[in-house]
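**Q** Just passing along the structure, written as structure tokens.
Every number here is computed from the coordinates shown, using simple stated rules; none is lab data. All values reported here derive from a predicted model rather than from experimental measurement. Here the Cβ positions follow ideal geometry from the backbone for every residue, glycine too, while neighbour counts run over all protein chains shown.
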């Protein structure tokens, strides 16, 4: 079949503050880390040996996923860091450099390998992608997706000939300068020989360094244009809109947890809700041990993380509450992501608890 590689060593700076104390692959969607959906998807297609390169907040990933047996796979980790003044500090080697390090250490990549970024949701037909890669005799393949011309400036664009052979790349071109509308999705298929072309022991990037090298050497390097759901969580605003889509049921294989206690309202165990006075319009998920006081209202799509507390008369609209978030009485949160320490609106503006620029009051429900 194939082996798997999940790239999970990045810092996730564009999705701060979500990644302040979480690595980006652990950002939750419907209460599950993004990377868990990727591992489930790989397992579905029989990709059961998976390496993950890690750096920032690496323990959060390793402690959650362990050796992978819960998903019927084997997971290994490659930590990228250095020891300075007695302290071990994360220092990613770049997407290609990280793979070369694993190869030099153990020779893990001894067959076709599917490479995925750990921060996107995909429902790619992996079997079909591997078949096309092999039937073309490709050394490397990039899975690409046709995007509207007006959106090309958001992506790395792949330029290929009629047979799909890659000729060049354009990084976030202006629409009038784009020579193609094929966006690279960060999903790659590599044969072992590709790893030999990565210089050892240094930081090296797949997109900006390895791929131009493959083009320059005129190797069998192909783009696959496929139609599939690819949901990239590049920015905080993307995260908010993805959650809205998922809660509305627009993304396959992502089912609401809990039990449907009223039409469009799902709940976990041990909730305390004053049903006679609260107003809840779905789709809404209410996690376990959530308390919703009299007169509060929740308008979906909304996710209320477990252990949260919504005070009397408070209004939560189209928002996501992380675990143990307390909303003060009579507060109104609209189009927001809220954690015990900060909240972010759907435009990406962040407020921290006690910030004098906002009248909003919220905090930690455990306190």
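**Q** Provide the FRET efficiency to the nearest 0.05 for the residue 356-residue 235 pair, computing r from the beta carbons and using R0 = 25 Å.
**A** After rounding to 0.05, the efficiency reads 0.45.
**Q** Give the peptides 43-50, 279-286 in descending order of average Cβ contacts within 10 Å, highest first.
**A** With the highest mean Cβ count within 10 Å placed first, the list reads 279-286, 43-50.
**Q** Multiply the residue separation of residue 197 and residue 89 by 0.36 nm, subtract the distance between their alpha-carbon atoms, and state the gained length in nm to one decimal.
**A** The residue 197-residue 89 span can extend by a further 36.1 nm.
**Q** If each residue's Cβ is checked for other Cβ atoms within 10 Å, how do 82, 290 rank with the fewest at the top?
**A** 82, 290
**Q** Pairs of alpha-carbon atoms within less than 8 angstrom and 6+ residues apart define the contacts here; what relative contact order does the range 256-364 have, in percent?
**A** In percent, rounded to a whole number, it is 16.
**Q** On the Cα set of the range 295-367, report Rg and Dmax in Å, please.
**A** My reading of the Cα-based Rg and Dmax gives 10.8, 29 Å.
**Q** Does the range 107-238 come out rounded, prolate or oblate by the C-alpha gyration tensor, with a ≥ b ≥ c the root eigenvalues, rounded set by a/c under 1.5 and, if not, prolate when a/b is larger than b/c and oblate if not?
**A** rounded
**Q** Using only Cα atoms and rounding to the nearest 10 degrees, what angle (0 to 90) does helix 34-44 make with the longest principal axis of the chain?
**A** 60 degrees
**Q** Given the rule -39500 (n - 2.57) for each run of at least 4 DSSP H residues, summed and divided by the residues of the chain, what is its mean residue ellipticity at 222 nm, to the nearest 500 deg cm²/dmol?
**A** Computed ellipticity for the chain at 222 nm equals -5000 deg cm²/dmol.
**Q** Follow-up question, since we're still on this one. Just the number, please: percent antiparallel of the DSSP beta bridges in the range 106-261, rounded to the nearest 5.
**A** Of the beta bridges lying entirely in the range 106-261, close to 80 percent run antiparallel.
**Q** Next question. Treat the count of other C-beta atoms within 10 Å as a stand-in for reagent exposure and order 5, 331 from fewest to most.
**A** With the sparsest Cβ surroundings first, the list reads 331, 5.
**Q** Separate question: Take the alpha-carbon centre of the range 283-346, take the same for the range 189-268, and report the distance between them in whole Å.
**A** That distance is 29 Å.
**Q** Under 1.5 on a/c is rounded, so check that first for the chain, then, if it is not, pick prolate when a/b is larger than b/c and oblate when it is not; a ≥ b ≥ c are the square roots of the alpha carbon gyration tensor eigenvalues.
**A** prolate
**Q** Still on this model: Where a ≥ b ≥ c are the square roots of the eigenvalues of the C-alpha gyration tensor, would you call the range 291-335 rounded, which needs a/c under 1.5, or, failing that, prolate if a/b is larger than b/c, or oblate?
**A** Since a/c reaches 1.5 but b/c is at least a/b, the shape of the range 291-335 is classed as oblate.
**Q** Moving on. Output the 0 to 90 degree angle, nearest 10, between the alpha-carbon long axis of helix 126-135 and the longest principal axis computed from the alpha carbons of the chain.
**A** 10 degrees
**Q** Here's another thing I want to ask about it. Taking the Cα-to-Cβ direction at residue 149 and at residue 67 and moving 7 Å from each Cα, how far apart do the two end points lie in nm?
**A** Result for the modelled spin labels: 5.5 nm.
**Q** What percent do you get for the relative contact order of the chain when only Cα pairs under 8 Å and 6+ apart count?
**A** Contact order relative to length: 12 percent.
**Q** If you don't mind, another one. Rounded to the nearest 0.05, what FRET efficiency do residue 299 and residue 274 give with R0 = 22 Å and r taken as the Cβ-Cβ distance? Could you check?
**A** 0.85
**Q** Sorted from fewest to most neighbouring beta carbons within 10 Å, what does the list 32, 136, 3 look like?
**A** 32, 136, 3
**Q** Using 0.36 nm per residue, how much length does the chain from residue 262 to residue 208 gain when fully extended, once their Cα-Cα distance is taken away?
**A** Using 0.36 nm per residue and subtracting the Cα-Cα distance, I get 14.4 nm.
**Q** Relative to the longest principal axis of the C-alpha atoms of the chain, give the angle of the C-alpha long axis of helix 95-106, reported between 0 and 90° and rounded to the nearest 10°.
**A** 70 degrees
**Q** Can you list the residues of the range 350-367 with backbone N under 18 Å from a point 7 Å past the Cα of residue 335, pointing along Cα to Cβ?
**A** Counting backbone N atoms under 18 Å from the label point, the list is 350-351, 358-360.
**Q** Then there is this: Nearest-5 percent of antiparallel DSSP beta bridges in the chain?
**A** Close to 45 percent.
**Q** By DSSP, what percent of the beta bridges with both residues in the range 256-364 are antiparallel, rounded to the nearest 5?
**A** Around 30 percent of the beta bridges assigned by DSSP in the range 256-364 are antiparallel ones.
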